[in-house]
1. Relative to the longest principal axis of the C-alpha atoms of the chain, give the angle of the C-alpha long axis of helix 241-253, reported between 0 and 90° and rounded to the nearest 10°.
2. Based on DSSP H runs of at least 4 residues, each adding -39500 (n - 2.57), what is the mean residue ellipticity at 222 nm of the chain after dividing by all its residues, to the nearest 500 deg cm²/dmol?
3. Answer rounded, prolate or oblate for the stretch 1-76, using the Cα gyration tensor with square roots of eigenvalues a ≥ b ≥ c: rounded when a/c is under 1.5, else prolate when a/b is larger than b/c, else oblate.
4. Distance from the Cα centre of the stretch 222-274 to that of the stretch 16-53, in angstrom?
5. Once label points are set 7 Å from the Cα along Cα→Cβ at both residue 300 and residue 21, what is their separation, rounded to one decimal in nm?
6. Listed highest first by mean packing, meaning other Cβ atoms within 10 Å per residue, what order do 14-20, 256-262, 113-119 come in?
7. Using the basic label-point model (7 angstrom from Cα toward the beta carbon), what is the residue 253 to residue 130 distance in nanometres?
8. For the pair residue 144 and residue 55, how long in nm is the line joining their label points, each one 7 Å along Cα→Cβ?
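Bear in mind these aren't lab numbers, they're just calculated from the coordinates by the rules spelled out. Keep in mind it's a predicted model, so treat the numbers as computed, not measured. Cβ coordinates were reconstructed from backbone atoms using ideal geometry, including for glycine residues, and neighbour counts include every protein chain displayed.
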Amino acid sequence: MLLLANKEAWPGFPTTVQMLREGAISLDAMVAGISKVESEVRVRSVGYGGWPNMLGNMELDGAVMDGNTRDVGTVGAVPNTLPVARLAHEVMKRLPHVMLTGDGARRFASEIGFSEDDVLFEDSKRVWWERLEKELSPEELAKFPDIPLAPLSRTITDPERVRDTTVFLSADPTRGIHAATSTSGWAWKYPGRLGDSPIPGAGFYADSRYGAAACTHTGEMTMRCSTARTVVLALKFGYSLSDAVKLAVEELNELSSGFLAGVVIHAVDAKGNHEVVNFRCEGEIRYWLWEDSMPEPELRAAKQA
């Protein structure tokens, strides 16, 4: 048994490990762990601790994928809902659809008994407004939000430049290979923007016959390259895990237009191997790893692409 997650998964990683030790269904264990990350205000890229869009509204994304069946559930730009990975899991279990977004996702959440949550952390609201005051003229500020937002998309940027996501990947010879994600997305994003986290094949993909991959940071790039699917398809074609990730990195490196920044690829294969590779992200990238032979999870450094 192997469990992989990014560094920011720390509030929920031990919960998932314990549930897997006790024999829980892998997706149930990962969703339970992500729910703790979503509630932790110190994680500034996911859930309650995340950053709002340009209008000061929180829009959260999440997804799950069962690698045994390739069933998928995803939700995007969901308002007033904190446990979006759990909501995505319910989409997978209850509906014939793969994805719900916006008010439709919130309606479904209410129908199945999810509470309406206040997901905007007061400090995030303060930072958002102070940034608007810095970037807008007094005349624009007086008219806000009834002003064009598109020009702000290149001037108001992520205050911590994390553009991160919580990703969990599990791999087990008997229980299969699965993926789960959750994010608040890019801070100050244009309302309605979806990153890669809820997009199958871009931000995540799992196939128990071969492996799984999930991405963090610049979703605009991984959506253009279908990065997670590239890794798993390369595994299907007989690539080693290392070479499969290298192929995905090569595709990202071929991009020469649009918004370009860093990407981190997390990947596992059906042979029990794992790779976490940092492509162009500043500083050291670390991730959580647990295998059933290990007494405790370990925080390790990602490879540089």
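1. 30 degrees
2. It comes out at -9000 deg cm²/dmol, rounded to the nearest 500.
3. Because a/c hits 1.5 or more and a/b fails to exceed b/c, the stretch 1-76 counts as oblate.
4. Centre-to-centre distance over Cα atoms comes out at 24 Å.
5. 1.9 nm
6. Going from most to least packed, we get 14-20, 113-119, 256-262.
7. 4.0 nm
8. Result for the modelled spin labels: 1.5 nm.
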